[in-house]
Amino acid sequence: SWDSDSGHWTEAHTIEDVVCGDVILIDGQSNSVASDYHGEQLGDIEKSTFVRSYGSSVVGTDVIEDDSFGIAVANSPYIHAAIGQWGLRMANRLSTEESMPILVINGAVGGTSVWSHQRNESNPSDVSSIYGRLLWRVQQAAVSDAVRAIVWHQGEADGTVPYNDYLAMWTAMY
């Protein structure tokens, strides 16, 4: 606040952990991981301070070792702030077009079926499960009520699953 007696600004309140912008989740298998499978090293060219992620997309319980925000990256999978190449491209376009920051949390795991993404009903944030790791990251980032979209890209692992079974599993996961 302005102190008219001293002619200086003085701190009135400190606010931390301000989150603004849209929150998008990505999930599925390798097409959602979308790392640099061909070693071209082009994905991270589009890094932007306005596109962030939270934690690590590591496969395993080590996810709890990474509890911080970071500028989103695309080349390498399963690392801090990894959101994949098309995830980064999408987020940059949205950020530019909507003039707002974007937070993307990618929980995809390559070579998985829709069944392997199901929720552990007895412990939804079980970090030994794909669903639980993504939920844990969303909860730790404190954006559970702010998710604007969930992008799911998966399919070939379930090519022989009947449509109604697939739909039921996807709906339960959602």
task = Hey, can you tell me all the residues within the range 152-172 that are closer than 30 Å to Ser68 by Cα and buried (at least 17 other Cβ atoms within 10 Å of the Cβ)?
result = Trp152, His153, Gln154
ask   = Looking at the range 23-39, is at least one residue among the charged types (D, E, K, R) and open to solvent by less than 90 Å² (accessible area, probe 1.4 Å)?
value = yes
ask   = Pairs under 9 Å by beta carbon, first residue over 9 Å from Ile64 (Cα atoms) in the range 129-143, partner among the basic types (Lys, Arg) and open to solvent by 20 Å² or more (accessible area, probe 1.4 Å), six or more apart or different chains?
value = Ser129/Arg119; Tyr131/Arg119; Gly132/Arg119; Leu135/Arg119
ask   = What is the one condition in (1) over 18 Å from Arg52 (Cβ atoms); (2) open to solvent by 40 Å² or more (accessible area, probe 1.4 Å); (3) at pLDDT below 95 that Ala146 does not satisfy?
value = (1)
query = If you take the residues in the range 53-65 that are part of a helix (DSSP H, G or I) and either more than 21 Å from Thr112 (Cα to Cα) or touching a strand residue (DSSP E or B) at 6+ places or on another chain (Cβ under 9 Å) (or both), which one is least open to solvent (accessible area, probe 1.4 Å)?
reply = Val63
query = Could you list, in sequence order, the residues of the range 24-52 that are within 24 Å of Ser128 (Cα to Cα) and either assigned to a loop (DSSP other than H, G, I, E, B) or in contact with a Gly (Cβ under 6 Å, 6 or more places away or on another chain) (or both)?
reply = Ile26, Asp27, Gln29, Ser30, Val33, Ala34, Ser35
query = Consider Ser68 against the criteria (1) open to solvent by 20 Å² or more (accessible area, probe 1.4 Å); (2) within 27 Å of Pro124 (Cα to Cα); (3) at pLDDT 90 or above; (4) out of contact with any Gly (no Cβ under 9 Å at 6 or more places or on another chain): it satisfies all of them except one. Which criterion is unmet?
reply = (4)
task = State all residues of the range 147-174 that are closer than 23 Å to Ile102 by Cβ, in contact with a helix residue (DSSP H, G or I) (Cβ under 9 Å, 6 or more places away or on another chain) and part of a loop (DSSP other than H, G, I, E, B); if no residue qualifies, say none.
result = Gln154
note = By residue number, the members of the range 79-132 that are hydrophobic (A, V, I, L, M, F, W, C), open to solvent by 20 Å² or more (accessible area, probe 1.4 Å) and in contact with a Lys or Arg (Cβ under 7 Å, 6 or more places away or on another chain) are Val127
query = Restricting attention to the range 40-52, and to residues there that are among the charged types (D, E, K, R) and touching a residue at least 12 places away in the same chain (Cβ under 8 Å), which single residue is least open to solvent (accessible area, probe 1.4 Å)?
reply = Asp44
query = Which condition number in (1) touching a helix residue (DSSP H, G or I) at 6+ places or on another chain (Cβ under 6 Å); (2) of a type outside the set (D, E, K, R); (3) modelled with pLDDT of 90 or more is the one that Val23 fails?
reply = (1)
ask   = Does the range 99-115 contain any residue that is part of a helix (DSSP H, G or I) and of a type in the set (Ser, Thr, Tyr)?
value = no
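The values are calculated or read from the model by the stated rules, or taken from the named source; none is laboratory data. All values derive from a computational prediction rather than experimental measurement. Neighbour counts are summed over all protein chains in view; Cβ atoms, including those assigned to glycine, are modelled from backbone coordinates with ideal geometry. These accessible areas exclude ligands, DNA and RNA; they are computed on the full protein's heavy atoms, side chains included. Shrake-Rupley method; radii C 1.70, N 1.55, O 1.52, S 1.80 Å.
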